[in-house]
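Worksheet: one structure, shown below.
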């Protein structure tokens, strides 16, 4: 799931998860990647955008955990764009 810190709306994501469950399928969120600079307007991450990213991550996980347990398959996170020193 490649999303941004501001799109799509959480209500749309919850609605989509619920539609999947209504079809008697399991929800699998793979490669959860929440971009904080989708428009290229930052030259470096800001603490404000990182904070919004943390909130967004929490919201996605909470929405997933609110699903019936037999309809939750997995959530995996990608490491795209992570830079390590050294």
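The values are calculated or read from the model by the stated rules, or taken from the named source; none is laboratory data. Note that the structure is predicted; figures quoted are calculated from it, not measured. Every residue, glycine among them, receives a Cβ derived from its backbone with ideal geometry; neighbour counts consider all protein chains shown.
Quick check on the stretch 39-79: of everything there that is modelled with pLDDT of 95 or more and part of a loop (DSSP other than H, G, I, E, B), which residue is surrounded by the fewest Cβ atoms within 10 Å (Cβ to Cβ)?
68
Any residue in the stretch 20-38 that is surrounded by 13 or more Cβ atoms within 10 Å (Cβ to Cβ) sitting within a Cβ distance under 7 Å of a residue that is part of a loop (DSSP other than H, G, I, E, B) and modelled with pLDDT of 95 or more? List the pairs, counting only those 6 or more apart or interchain.
Final answer for the pair search is 21/67; 21/68; 27/67.
May I ask you to list the residues in the stretch 28-37 that are under 14 Å from the mean Cα position of the chain (by Cα) and in a loop (DSSP other than H, G, I, E, B)?
Within the stretch 28-37, just 36 meets the criteria.
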